[in-house]
Amino acid sequence: MPAYIDENPEYWDDYNNLQRVKHELLRRYLGGWFPILGSWSGRIVYIDCHAGRGKHQTGHFGSPLIALETLLNHPHRAAILKKAEVHFFFIEADQNNKKVLEENLAKYKRPSNVFLEVECEDFRKVLQNTIDHLHAQKSSMAPAFIFVDPYGFTLPSRLLVQLKAFEKCELFITFMWRWIDMALKNPALAESMDSLFVTPNWRNLPNIHDADERCEAAIRLLKEQVGAKYFTRVKMLGEHSEIKYVLIHATNHPKGRELMLDAVWKICPTGGFKVRINDNPHQEYLIKPEPNLEPLKQWLWERYRDTTVKMEDIYAAMDDEKNGTFYLKKHLHEVLREMHGKEQITCSEKLVFSHNPVVCFAPKQTKPSNKR
């Protein structure tokens, strides 16, 4: 088999806002993920399927160095490593990129229970061998965060399905929508689309004329095949506000979803979950951007008007992605306090949400008149 050569070497020459946001999401999520798992799991695994060189020509770090430094510089590093060993697996198919990455990684001093491994190979082969080995040993996968960041549309969904079958495995996927959308209409690429979506139902996607709706339908189709309970996504937009690609976090755990949602809201404070390539990451605001909570208010009122519901049931409904809320619990609490102040809701007890009060979504009734 001929040696693989990086299809997009120009990627390392520059560093734009979309790359910055992707890496900031990774940094923020791992910053919360490491201590959570370190509190109970004896082994934590991070796998980067397209590790690259580790650093751009601009000096900005790539995902391998970001992941490693997030652990090594973590304020709770000692507590994390007291109970857990952390394994970093970096997979890079280009031999030159691998060499540069190894040189960048060699500069780090690390504790004895932090392990690094760099392999020059097709990530699909490496992961499939790992899955087959675990099945042969009848073993489960340790808690793992797997970053799948391909160039183009070479996303092997059957492999993702196998990975997600491991309960403690989380996926962070770059869904290259711009290339996928063009490929949907090219008969010569039908086999590639079969591999991407697993199901032949992708053939219905070109019939959806609205570009945003077509992208959403494609994401839903991928979610159905991968089987993850939660798919948190951020749309990355080009110079003309077209969708270039979508970052997708797939997990089965509500805590993982909440952690990623919190990271996304910090980067997209007004909501919308969209990032533009021309956004200025250094922009300063005279007035801090506030989230638009009107859709959440409308959703609550339309769903629960004239009903009584427990807070835990509202939380569960918010976690159901079919409702499309993508809000945090603190947003819900803020909205409920406002509605309570306007007497749009009543509550069985003071709005202390940790106590799971019962909420009645109906304006307070006026007292009946004594006049006859």
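The values are calculated or read from the model by the stated rules, or taken from the named source; none is laboratory data. As the structure is a computational prediction, the values presented were derived from the model and not from experiment. All Cβ positions, glycine included, derive from the backbone under ideal geometry; neighbour counts span all protein chains shown. All accessible areas refer to the heavy atoms of the entire protein, side chains included, with ligands and DNA or RNA removed. Shrake-Rupley method; radii C 1.70, N 1.55, O 1.52, S 1.80 Å.
On the basis of being in contact with a Pro (Cβ under 9 Å, 6 or more places away or on another chain), at pLDDT 95 or above and open to solvent by 10 Å² or more (accessible area, probe 1.4 Å), does H87 make the cut? It is false that H87 is in contact with a Pro (Cβ under 9 Å, 6 or more places away or on another chain), at pLDDT 95 or above and open to solvent by 10 Å² or more (accessible area, probe 1.4 Å). Looking only at the stretch 110-133, residues that are β-branched (V, I, T) and either loosely packed, with under 14 Cβ neighbours inside 10 Å or assigned to a helix (DSSP H, G or I) (or both) come to 3 in all.
Given the structure, is W177 under 19 Å from F273 (Cα atoms) and either surrounded by 15 or more Cβ atoms within 10 Å (Cβ to Cβ) or of a type outside the set (D, E) (or both)? Taking the combined requirement at face value, the residue satisfies it. Restricting attention to the stretch 237-281, the residues being in contact with a Cys (Cβ under 8 Å, 6 or more places away or on another chain) and open to solvent by 30 Å² or more (accessible area, probe 1.4 Å) number 1. Evaluating E170 against the criteria (1) in contact with a Leu (Cβ under 7 Å, 6 or more places away or on another chain); (2) open to solvent by less than 30 Å² (accessible area, probe 1.4 Å); (3) not in a loop (DSSP other than H, G, I, E, B) leaves one unmet condition, (1).
A quick yes/no check of all residues on (1) of a type in the set (V, I, T); (2) modelled with pLDDT under 95:
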position: M1; (1), (2): no, yes
position: Q19; (1), (2): no, yes
position: Y46; (1), (2): no, no
position: F61; (1), (2): no, no
position: T70; (1), (2): yes, no
position: A78; (1), (2): no, no
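Contact map, the stretch 35-61: first residue at positive phi, second residue outside any strand (DSSP E or B), Cβ cut-off under 6 Å, separation 6 or more or different chains; pairs are G52/G62; G52/N97; G54/G62; G54/P64; G54/L65; G54/L101; G54/N104. Is it the case that R372 is open to solvent by 30 Å² or more (accessible area, probe 1.4 Å) and modelled with pLDDT under 90? Criteria met by R372.
The set of residues in the stretch 38-61 being closer than 12 Å to N97 by Cα and touching an Asp or Glu at 6+ places or on another chain (Cβ under 9 Å) consists of H50, A51, G52, R53, G54, H56.
Selection within the stretch 134-160: residues that are touching a residue at least 24 places away in the same chain (Cβ under 8 Å), among the small types (G, A, S) and part of a loop (DSSP other than H, G, I, E, B). The member of this set that is surrounded by the fewest Cβ atoms within 10 Å (Cβ to Cβ) is S140.
Of the numbered criteria (1) open to solvent by 10 Å² or more (accessible area, probe 1.4 Å); (2) farther than 30 Å from R257 by Cα, the one L101 fails is (1).
If you go through the stretch 132-162, how many residues are of a type in the set (K, R) and at positive phi? Adding up the residues that qualify gives 1. Looking only at residues in the stretch 297-313 that are of a type in the set (K, R) and either open to solvent by less than 100 Å² (accessible area, probe 1.4 Å) or in contact with a His (Cβ under 6 Å, 6 or more places away or on another chain) (or both), the one that is nearest to F326 (Cα to Cα) is K297.
Can T154 be described as among the hydroxyl-bearing types (S, T, Y) and under 30 Å from N207 (Cβ atoms)? So T154 fits the description; yes.
Does the stretch 11-34 contain any residue that is part of a loop (DSSP other than H, G, I, E, B) and either within 20 Å of the chain's Cα centre (by Cα) or buried (at least 16 other Cβ atoms within 10 Å of the Cβ) (or both)? There is at least one residue in the stretch 11-34 that is part of a loop (DSSP other than H, G, I, E, B) and either within 20 Å of the chain's Cα centre (by Cα) or buried (at least 16 other Cβ atoms within 10 Å of the Cβ) (or both).
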